[in-house]
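The values are calculated or read from the model by the stated rules, or taken from the named source; none is laboratory data. Note that the structure is a prediction, hence the values are computed from the model and not measured. Cβ sites come from the backbone with ideal geometry, for glycine too, and all protein chains shown count toward neighbours. When the accessible area is computed, the model is the full protein with side chains, heavy atoms only, and any ligands, DNA or RNA have been set aside. Shrake-Rupley method; radii C 1.70, N 1.55, O 1.52, S 1.80 Å.
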Amino acid sequence: MNKLEEQIFEAKGNGLTDQEIGKKFNVNFRFIEKVMTRQLGINVSNSVKKKKIKTLQPKKFNLEKSTVWSFKSRGSWATHNGSYRGNWSPYIPRNLIIKYSKPGDLVLDYFCGSGTTAVECKLLNRDFIGIDINPNAIELAKENVDFDDNDLFNNDGKKSDIKLLVGDARNLNFIEDDSVDLICSHPPYANIIHYTDNNSNDLSNYNVNGFLDEIEKVANESYRVLKNGHYCCILIGDMRKNKNVI
């Protein structure tokens, strides 16, 4: 780590915002992000501290009934927080899990990240397999699902079985054909946000064309492991390049 990166990392630890750091050191947000990813092994806004849980469920939650979803707050129940860059709002997997699965079903998220979907599966009594190519992300996910679940049981009295594994979404050979009840995942947006440092297998390092080639392999594996007639739910945003939406 060079002197500039040391100063930026220290400034982050002292609570300076990205805007303040950018102005002070004349760097852009992408550079700050790379510094954090290189130093911590995961793309987080700051060093992750264990969150004190105030409630395990969202207040006044209503299942979405339209085709346009909008959430006034990001969601902060259980261990959910916005420190992991680009993670999705827990309201999204909560809606999908309730709509398209039932207690005791097996849910798969092969871009697990910090474990947003895993936490929701634990809260909603679904079994879960979470996969991420970054071992540091999996360790963070394990921390996020490590909370007291004494009052969380499936209908048959069993607790959710949560598995978190380092792996590649393009190769799910350890999962049997037609065994998953719901796929619920949030892939990277090509190379908009980088989730690892110096990992050539990370899909967030691919350009658009390369990303499409690789995500097709993910789609093929999804089709293989998903039960017939069940759902694969993917959230992925548009990106802008040369002032055009892709």
Please specify each residue of segment 210-237 satisfying the condition of being without any contact (Cβ under 8 Å) to a residue 12 or more places away in the chain and outside any helix (DSSP H, G or I). GLY229
Selection status of SER45, of a type in the set (Gly, Ala, Ser), free of Cβ contacts under 8 Å to residues at least 12 places away in the same chain and surrounded by fewer than 17 Cβ atoms within 10 Å (Cβ to Cβ): no
Within segment 160-175, take every residue that is closer than 21 Å to ASP105 by Cβ and in contact with a helix residue (DSSP H, G or I) (Cβ under 8 Å, 6 or more places away or on another chain) and give me the one that is modelled with the lowest pLDDT. SER160
Those residues that are under 20 Å from ALA137 (Cα atoms) and open to solvent by less than 20 Å² (accessible area, probe 1.4 Å), I need them from segment 13-40; list them, please. ILE32, GLU33, VAL35, MET36, THR37
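Residues are listed down the side, and each one gets a yes or a no for (1) surrounded by fewer than 16 Cβ atoms within 10 Å (Cβ to Cβ); (2) in contact with a strand residue (DSSP E or B) (Cβ under 9 Å, 6 or more places away or on another chain); (3) not small (Gly, Ala, Ser):
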residue	(1), (2), (3)
VAL180	no, yes, yes
TYR189	no, no, yes
TYR195	no, yes, yes
ASN199	yes, no, yes
ASN209	yes, no, yes
GLU214	no, no, yes
Quick one: count up the residues across segment 161-209 that are assigned to a loop (DSSP other than H, G, I, E, B), of a type in the set (Ser, Thr, Tyr) and within 17 Å of TRP88 (Cα to Cα). 2
Given (1) without any contact (Cβ under 8 Å) to a residue 40 or more places away in the chain; (2) crowded, with 21+ Cβ neighbours inside 10 Å; (3) under 15 Å from ASN220 (Cα atoms), number of the condition ASN173 does not satisfy: (2)
Pairs where the first residue, in segment 17-28, is at negative phi and the second is open to solvent by 40 Å² or more (accessible area, probe 1.4 Å) and in a helix (DSSP H, G or I), C-beta under 8 Å, 6+ apart: ASP18/PHE29; GLY22/PHE29; PHE25/LEU4; PHE25/GLN7; VAL27/LEU4
